[in-house]
Each structure stands twice: as structure tokens, then as C-alpha cells.
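Below is one structure; the comments refer to it alone.
The values are calculated or read from the model by the stated rules, or taken from the named source; none is laboratory data. Not measured: the values here are computed from a predicted model. Cβ placement follows ideal geometry from the backbone for every residue including glycine, while neighbour counts extend to all protein chains displayed.
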Amino acid sequence: MPEKKFILVIDQGTTRTKAVIYDKKAKVISRSYREVPCYYPQPGWVEHNPQEIWNSCLTSIKETIQKSRIEKYDISAIAITNQRETVLVWDRASGKPLGNAIVWQCRRTTSFCNDLKRRGWEDFIREKTGLLLDPYFSASKIRWILDNLPEIRRKAEKGEVICGTIDSWLLWKLTGGKIHLTDYTNASRTMLFNIHKLTWDSELLELFKIPASMLPSVRASGEIYGYTAPHSPLNPGIPIAAVLGDQQAALFGQACFDAGMLKNTYGTGCFLLLSTGKRLVSSEKLLTTIACDGSGKPTYALEGSVFIAGAAVQWLRDGLGLIKEEKDTEEAARKIEDTEGVYLVPAFTGLGAPYWDPLARGAILGINRGTRKEHIIRAALESIAYQVRDVIEAMEKEAKIKVEKLRVDGGAAENNWLMQFQADILGIPVERPAIFETTSLGAALLAGLTVGFWKEQRELAALWKRDALFLPQIDEKKRENLYKGWKKAVSRVLSK
């Protein structure tokens, strides 16, 4: 394949859609993005307009091709990576969306999920799907649409209406309505997919009263899904060669192909994924989800979510006015030797894994007359690292795997002080990659592998380059004393 060929990635997220072009050395040639509005029709409700998502894709693709100065016929393949759990329905014949997409953050189905819990369905659902019974996932959102829009249910039962996560919507649009597909990683986030049998589960479909005809067929993450129809920014006939949920794409982009390899994305919250290979690990405190190996075939991972990470730093800036910019936290943390016993527990929206306490609320503990803003700023940074250790300890216990290193990405991973403290409190090395676009990179690598851009997993692993290595610098006694103080602080805010 000529060296001039490129991979185009559509990275469709909650707040923006990015288009990124990679070359054969996994170097970013150009990128462009468009903001995607969220709509809040009622408190706790979050929606997207599907047409706006599609338009944002077309615009960002057009811009990034123009910026790259490549010819559009030089694109070898397209990859899709997307926000997970967000779901929409559309007319099978016309392709017209039937209302807005319901976003993963939306909590409108809380009472429905709580009712299922009271009726004893929680363990049944977890055993089949690896997921918590929560509005976060797609199943209850689809059920809400069918219950509240009777005309859609009537059409759905006649096979006239279909549904899908954002990847399915983009596949439908890119191919001119020719295919209705998804991949294993996205299917595993719907709460309708049996992760043992790798198929839609008839008992779950019956429980949620969702017609099977609505759902897309499921494919491996790395294969040819279809070919582009004529669209103004793209040539027709380009293969769509990879589809991955965003966190699984980041795991792939970090070259975490082997069991025991772990990545953490530091964003508004933290998303930790631990590869468990072909072994499915059932968990009570974490999510079991589907990832993919170096050839794009399904494997398993444990996932733990920290609700508040970078958002705690934003709160220091916007809520308390203690910093002007997020990067100021590093300088403040270095001004003092330690927090002098101050702990900040950022349970602003409850605590995620491994506590799962939605009623917990934030607190600053251990303050005294000598406490200064630097202590609170440093305590906020430390809270991110402590929460990551909470999740990793749960992963190690439940997977019976000893994690030997952590690969990191996301905005807060650029903070050298935080990454050093993360290594210190974990007692293992922390590796930061040279390429921070790990989500789009993972999708690009898999698409390139699918079309022969790269030949094997070994080539992909060689493309991963380290930017920085942080080694633990404190002794075991200090590490455990600090963490013991954190656990005590958390115990003070738990609701039960």
C-alpha cells in the first residue's frame, strides 16, 4: 500500500465531534472538531439532536481534509469511536430520526431502574451483562422511548423503526442507510447484550419489552462494516474498518493488548480499564465489559469509573476562585511539603467505583487555622490519585491480577506533579504516552490493521511511544499512612 495513504477517524464525543487523520507512522496529520450541543428539557434529562451530530461529522471531516492538504482519495479507511450508551431511534425506510438521542448522562429512567431493583432483577442483569442496573446504560432509555411515544412502539413492533448507539447512527449515515450494525464493545454497554454468549439476550429484551428487530447486528470491532456512500467531504467506496466505544479505543490506543495491562483516562472523571484477556471476570464493585485484542476480536476488561477527577480542579477555579487556570495547581502543590493532614473528598455527585454511593457528598477534612489555599489545592489533586488507587485495588482483588504499571492519558495526565503522586500512592510506575490522542489513535490503529495498513499486533505495540515515566519515590510506610488517612476521610462522607 503506498505510503501516502491515511486513516480518517471520527471521534464522536458528548460535547464535540473530532475528525483526525493519521499516517502510517501513527502521526497526526491534521485534526478538526465541532461542538455538539446538549439539550436539557427537564432537570436530569440530557439529549442530543442526531442531525446536529451528523452535521458536526461532515463539517469536521471536511475541515480536517482541507487542513491536511491530502487528497480525499488518499484515505485508506475510516474508523469510528464514540460516546457509549447514548441511544436513538430512527425510521428504517426514511432514515429520519424519531426524536432526540438520549445521552448516557440522562437520569430520566431512574425510577424505572429502581423499580426493577425492588423486583429483584439486579443480579439477573449483572450476571448476563456485567453491568449495574442503572439509567446510565441504553436499555432503559429505549424502553422509555417506546413507553412514552406509543406511535414509535407500534411501528417498532412492525419492524419499521430501528435503534442504535451513536456508532450505529454514523454507520447508517455514512453508508447511505445500507447497514444497521454495531460492534461488541458498544453492544456490551446497552444492558441488552449477553457478554457470555456474545449475542442479544432474548430474556433481557423481554424484560425491557424491546423488539429484537430494532437492534443492529453485532460485529467484531475490527472488520469491514461497509463502504461510504457519496458525501461531499468523502469519496464513495471508502471502507469503514473499525468501530469501538471510546474507552475501549483508548485501551487499544495505549497498546494494552495483554491481560493485566491497565490504562486510566483522566478527564472530568476517570475511566480505568483493566484487560483480562479471554477471561471474563464477574464483579460486584466494577463493570465487566468487552474490549478487543490486537486483531480486533472480542476480549474482556474490568472497568471502574471515578465520577470527579478533573472536575475537582475546575471547581477550585470556577467555584472557589483559588486558581486562575488548571495548570496553576501544579505550582501550588509544589509550594508545600504536604497537605498537613487535609483531605478533600470530591463526592459532588456521589462516589463511583468501588463505593457506588450516589448519596455521598463532598467534604474537606482536617483543616485548621493554619490551612492555606495551597493545602486545599494539593488535597484536590491528591484526591484524584487516591480514587484511582481505590479502583485499582478492587480490580486486583476481583481479577486476581497484580497490576505492574499504569498507562495514563487525558487532560490531567499532563500535570507532572499529579502523575508523580499517582506513582507514589500506587507504588508502581506510571507511563505517559507521546501521543495523547489515545482514543482516536486506538480506532486508527485497528482500522489500519483491518485494511493491511499494519500487518500485526507487534507493529501496533511498536508504534506506542513513551513521553514520560514516573517511578514511586516514597517508602511503603508513608504511602500506606497517606492512603489510610484517605480511607478514613471517605468513611466520613459515605451515606451508609
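Observations, loosely collected:
- Cross-chain or 6+ apart pairs with Cβ under 7 Å, the stretch 7-18 first and in the same structural domain as Arg34 (by TED's automatic domain parsing) and modelled with pLDDT under 90, then part of a strand (DSSP E or B) and not acidic (Asp, Glu): Arg16/Tyr33; Arg16/Arg34
- Extreme residue, nearest to the chain's Cα centre (by Cα), among residues of the stretch 54-73 that are surrounded by fewer than 16 Cβ atoms within 10 Å (Cβ to Cβ) and in a helix (DSSP H, G or I): Asn55
- Residues that are part of a loop (DSSP other than H, G, I, E, B) and free of Cβ contacts under 8 Å to residues at least 60 places away in the same chain within the stretch 28-46 comprise Val36, Pro37, Tyr40, Pro41, Pro43, listed in sequence order.
- Filtered residue count, the stretch 27-67, keeping only those that are of a type in the set (D, E, K, R), in contact with a strand residue (DSSP E or B) (Cβ under 6 Å, 6 or more places away or on another chain) and either more than 25 Å from Thr110 (Cα to Cα) or not assigned by TED's automatic domain parsing to the domain that holds Val103 (or both): 5
- Test: residue in the stretch 474-492 that is basic (Lys, Arg) and touching a Gly at 6+ places or on another chain (Cβ under 8 Å): yes
- Failed criterion for Ile428 (all others in (1) part of a loop (DSSP other than H, G, I, E, B); (2) loosely packed, with under 15 Cβ neighbours inside 10 Å; (3) touching a residue at least 12 places away in the same chain (Cβ under 8 Å) hold): (2)
- Residue check, Ala332 among the hydrophobic types (A, V, I, L, M, F, W, C), assigned by TED's automatic domain parsing to the domain that holds Ala394 and crowded, with 24+ Cβ neighbours inside 10 Å: no
- Between Val9, Val89, Val20, the distinction of being in contact with a helix residue (DSSP H, G or I) (Cβ under 9 Å, 6 or more places away or on another chain), in a strand (DSSP E or B) and over 22 Å from Glu437 (Cα atoms) belongs to Val89 only.
Let's see how each residue does on (1) part of a loop (DSSP other than H, G, I, E, B); (2) more than 25 Å from the chain's Cα centre (by Cα):
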site	(1), (2)
Ile376	no, yes
Glu382	no, no
Lys397	no, no
Lys402	yes, no
Ala412	no, no
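- Any hit, the stretch 75-86, residues being within 20 Å of Val451 (Cβ to Cβ) and free of Cβ contacts under 8 Å to residues at least 40 places away in the same chain: no
- Just one of the listed residues (Leu198, Leu207) is at pLDDT 95 or above, touching a strand residue (DSSP E or B) at 6+ places or on another chain (Cβ under 8 Å) and among the hydrophobic types (A, V, I, L, M, F, W, C), and it is Leu198.
- Any hit, the stretch 268-287, residues being polar (S, T, N, Q), part of a helix (DSSP H, G or I) and buried (at least 20 other Cβ atoms within 10 Å of the Cβ): no
- Output for the stretch 56-65, where each listed residue is of a type in the set (S, T, N, Q) and more than 17 Å from Lys27 (Cα to Cα): Ser56, Thr59, Ser60
- In the stretch 129-179, counting only helices (runs of 4 or more DSSP H) that sit wholly within it, the ones holding 3 or more residues that are crowded, with 24+ Cβ neighbours inside 10 Å span 138-148, 166-174.
- The set of residues in the stretch 457-496 being part of a loop (DSSP other than H, G, I, E, B) and either touching a residue at least 12 places away in the same chain (Cβ under 8 Å) or within 30 Å of Arg361 (Cα to Cα) (or both) consists of Trp464, Lys465, Leu471, Pro472, Gln473, Ile474, Leu494, Ser495, Lys496.
- Set Gly296, Gly321: member being in a loop (DSSP other than H, G, I, E, B) and either in contact with a Lys or Arg (Cβ under 7 Å, 6 or more places away or on another chain) or over 30 Å from Glu459 (Cα atoms) (or both): Gly321
- Conditions (1) in contact (Cβ under 8 Å) with a residue 60 or more places away in the chain; (2) closer than 30 Å to Leu198 by Cα: number failed by Leu351: (2)
- Residue count, the stretch 451-478 (criterion: farther than 30 Å from Lys24 by Cα and surrounded by 17 or more Cβ atoms within 10 Å (Cβ to Cβ)): 1
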